[in-house]
Amino acid sequence: MIVPESDTPPHVERMMIELWRRATPAQKLEKMSRMARELNELTRAEIRGRYPDATPREVELRLASRTIDRDTMIKAFGWDPALHGR
């Protein structure tokens with residue numbers, strides 16, 4: 001596997017790894033949850049940029065369609081990503 005070069009200085013990377021190792025499972029879970037929320041917010045912004053007239057519900061459906069399979073989206077929400085887009 002090829003690992004891309006990092007722009008993080010090695011001593012900083014070692015410090016970050018050590019901090020992660022010392023973190024409790026609850027701290028790690030909180031960090032990952034926060035990152036997921038931030039990623040969802042960035043994705044919502046991208047969706048709103050692509051679909052400026054989208055309702056809040058439509059934005060959420062488009063967001064969900066990026067992680068939920070098409071059949072489930074149709075059954076659960078009546079939303080077909082192939083028809084409406086993601």
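The values are calculated or read from the model by the stated rules, or taken from the named source; none is laboratory data. These numbers come from a predicted model, not from an experiment. Calculation scope for accessible area: heavy atoms of the full protein, side chains included, ligands and nucleic acids excluded. Shrake-Rupley method; radii C 1.70, N 1.55, O 1.52, S 1.80 Å.
Data for the structure
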| item | result |
| --- | --- |
| Estimated 222 nm signal from helices in the chain, with DSSP H stretches of n ≥ 4 weighted -39500 (n - 2.57), rounded to 500 | -21500 deg cm²/dmol |
| Karplus-derived 3J(HN,Hα), 6.51/-1.76/1.60, for each residue of the range 44-49, Hz, glycine and proline x | 4, 4, 5, 5, 4, x |
| Gyration tensor verdict on the range 3-48 (Cα atoms; rounded if a/c is under 1.5, prolate if a/b is larger than b/c, oblate otherwise) | oblate |
| For the chain, accessible area per residue (1.4 Å probe, heavy atoms of protein chains only), Å² | 82 |
| Cα-based Kirkwood hydrodynamic radius, the range 5-86, one decimal, Å | 15.4 |
| Carbon/sulfur fraction of accessible area - the chain, other protein chains in place, 1.4 Å, % | 60 |
